[in-house]
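**Student:** Have a look at this one before I ask anything.
What follows draws every value from the coordinates through simple rules; no lab data is involved. For clarity, every value in this text was computed on a predicted model and none was experimentally measured. Backbone-built Cβ (ideal geometry, glycine too); neighbour counts: all protein chains shown.
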Amino acid sequence: MPFKFCKEKFWLEPPSEKLRKQLEEELKLSGTNLKSHAWYHGCIPWEVSQSLVVNHGDFLIRDSQSSQGDFVLTSRWEQKTLHFLIKKTVVLSSGTYTRVQYCLEGEAFDSLPALVHFYVGSQAVLTRWSGAQIHRPVNRTLPLSYLETTFCTAINLKSCHQRSDGMSGEERVSPLSRSPCSSQAASMAPSPSLSRQNDSAQPLTSPSNRQQHKRPNVHLNQDPSTSETDGSSYTELYPGPQSYVDRLQAEDGPLKVEDGNMYLPPVVESVSSFKPSRYQSSLMPKENKPLEVGILRRVKELLAELDPRSAAKHITKADCMVARIRDVTPEVQKRMGVSSGMELLTLPHGQQLRLDLLERFQTMATMFAVDVLGCTGTNEERAGLLHKIIQIAAELKSTMGNMFGFAAVMRALELPQVARLEQTWMTLRQRHTEGAILYEKTLRPFMKSLNEGRESCPLSNTTFPHVLPLLSLLEKSMAGGEGTEPWDMVEVGVDVVMFHLGAARTFAQLGGIYRSNAENKLQGFQEQAEVLELFLTDFQMRLLWGSRGAEEKQALRYAKFDQVLTALSNKLEPPVRTH
């Protein structure tokens, strides 16, 4: 198995090669076995499925969390993610055997593959109310055993295998034999007041026939993309993730009791992990001034020699280290109370990590802006720098799946001091047309959609999810940057806020997958020590503010440097005076 279980925690053991071989073996099975179909993703929660279908017409099939033994078709249509319950009906055949049929709204099919082939091949609408069609399957890149271990409780692991081992054709059916499958799916009957009244929305088994699992922390999760009149929407009830206190209690026994209350004081970090005054580097002396010429010259030389993919890997390695996505020791996990920084940053005692990530985001963006604004050569040279930075952003987005690093680089390009350089951008469009098109037609719209909650990076490719909106929401007083946030617009504000808060729960649950993805993408990567330093926050703080200024309060530092950036920008292209 790809994981070892230990008191509700797990660690990845074998390298990705073994997972690839397991996936290949699954796909070689007979066509009547669901495991042989890459569009079947097993027990993944609906939040995960939403992150996988990103393009118009994408679809996948997963196990239903609210209706035992049934399936859900998740699809993307007209910029909305839709979830359709695939009903399973049992038709008496001969003897003790029954024949199973599957349907969405009308026609019934003898197998899920037959249903998929019909709707893909005929381009028929899935339901009349939605008008949605399916065009392209989103194929899983991990074996079902990996997904089962990640999302299924150890108690229900056996039932997950039973579900995926051949749900096509004829089989013995016992409604009571199926147990829930997702680690968050203790398949509970929806309350009548919460369930849709349309027949197509109801589970096939009645509440009296369902296995009732009493589990703590039950939350209601309703598909956010459907309206009250949607005929095929449905409600899911399942337990939320076990809290860090619950996990520590399970590991260490009873918690401390005082005044009749049981509690575990969290380890609250109050000091930043960045220590610029103590930072030692071969690239700078023990003490340095802000933007010291000799240091800047060496930084520019290293950046000029670096190819975009290598830069993206160095940035991702440094990002994952600060965010505690990988290389987190058991001692650090113990102090955090959780196994991943992705969960810590969603918790009250994760404030210092949130502040550190905001600091890193701002310094990274500022350093790239300085690289452009400090180039006092020709427009062609600055356009070449812009082109390279755009390529780095593209590598962070697509190759590395690092949405944090991607957002930082995009912030540098969108700073008003950089965006106003009309001659430089015009030269970019003339000399590096493909880069200009990539930035304006792909990267900028994607960044905007990320912030508005309309896009996401596929889970199988994500090393660092887009946490910046969450950081800005939770630490708004410390979040810098120009312009309004998406939630500041009244007409969409609440929806955007709710999306990012919901996404935070997913981030907390999927720390193990982000770690695995990061390890796979950085496997065999040999960083260059000096290059890695360029992307360390301590180094960047010293470079920008000097050994003394780096210790000043953040708000004061950025206010001063904003003026420096404006002066550099105006020197390159003086503002047009109007009379």
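**Student:** Mind sorting PHE361, PHE446 by how few other Cβ atoms lie within 10 Å of their own Cβ, fewest first? Intermediate values should be presented prior to the final figure.
**Tutor:** On the way: PHE361 24, PHE446 21.
Ascending Cβ contact count within 10 Å gives the list PHE446, PHE361.
**Student:** Skipping prolines and chain starts, which residues have an amide H placed within reach, meaning under 5 Å, of the one on ILE86, given they are 5 or more residues away or on another chain?
**Tutor:** HN-HN under 5 Å from ILE86: PHE71, VAL72, LEU73.
**Student:** Provide CYS320, CYS457 in ascending order of the number of other Cβ atoms located within 10 Å of each residue's Cβ, fewest first.
**Tutor:** On the way: CYS320 27, CYS457 22.
Result, fewest neighbours first: CYS457, CYS320.
**Student:** Classify the stretch 379-425 from the C-alpha gyration tensor, please: rounded if a/c falls under 1.5, else prolate or oblate depending on whether a/b exceeds b/c.
**Tutor:** Working: a/c = 4.10, a/b = 1.73, b/c = 2.37.
Oblate is the answer for the stretch 379-425, as a/c is 1.5 or above yet b/c matches or exceeds a/b.
**Student:** Which whole-number percent of Cα pairs in the stretch 275-382 have a distance greater than 21 Å? The partial results should precede the final answer.
**Tutor:** Details: 2958 of 5778 pairs.
Across the stretch 275-382, Cα pairs with separations above 21 Å total 51 percent.
**Student:** Another question about this same structure. Show me, for the stretch 537-545, the HN-Hα J-couplings you get by feeding each phi into the Karplus relation (A = 6.51, B = -1.76, C = 1.60, θ = phi - 60°), rounded to Hz, glycine and proline as x.
**Tutor:** Along the stretch 537-545, the couplings run 5, 4, 5, 5, 5, 5, 4, 7, 10 Hz.
**Student:** What ranking do ARG62, ARG326, ARG99 get, fewest neighbouring Cβ atoms within 10 angstrom at the top?
**Tutor:** Working: ARG62 26, ARG326 20, ARG99 15.
The most exposed by this proxy come first: ARG99, ARG326, ARG62.
**Student:** Here is a further query. Quick check: the distance between the Cα centres of the stretch 531-553 and the stretch 310-325, to the nearest angstrom?
**Tutor:** 17
**Student:** Still on this model: Distance from the Cα centre of the stretch 364-396 to that of the stretch 556-579, in angstrom?
**Tutor:** 17
**Student:** Apply the a/c threshold of 1.5 to the C-alpha gyration tensor of the stretch 520-579 and tell me whether it is rounded, prolate or oblate. Could the numbers behind the result be given before it?
**Tutor:** Working: a/c = 3.42, a/b = 1.79, b/c = 1.91.
Oblate, since a/c reaches 1.5 and b/c is not below a/b.
**Student:** Give me the Å³ per residue figure for the convex hull around the C-alpha atoms of the stretch 28-76.
**Tutor:** Details: hull volume 4.0 nm³, N = 49.
About 81 Å³ per residue, rounded to a whole number.
**Student:** Sticking with this one: Each residue of the stretch 320-329 in turn: what ³J(HN,Hα) in whole Hz from Karplus with 6.51, -1.76, 1.60 and θ = phi - 60°, glycine and Pro shown as x?
**Tutor:** Values, residue by residue: 5, 5, 5, 7, 6, 8, 9, 6, 9, 6 Hz.
**Student:** Based on the Cβ-Cβ distance of LYS18 and THR376, what FRET efficiency does E = 1/(1 + (r/R0)^6) give at R0 = 56 Å, to the nearest 0.05? All intermediate terms of the calculation are to be shown ahead of the outcome.
**Tutor:** Numbers: r = 53 Å, r/R0 = 0.94.
The computed FRET efficiency comes out at 0.60.
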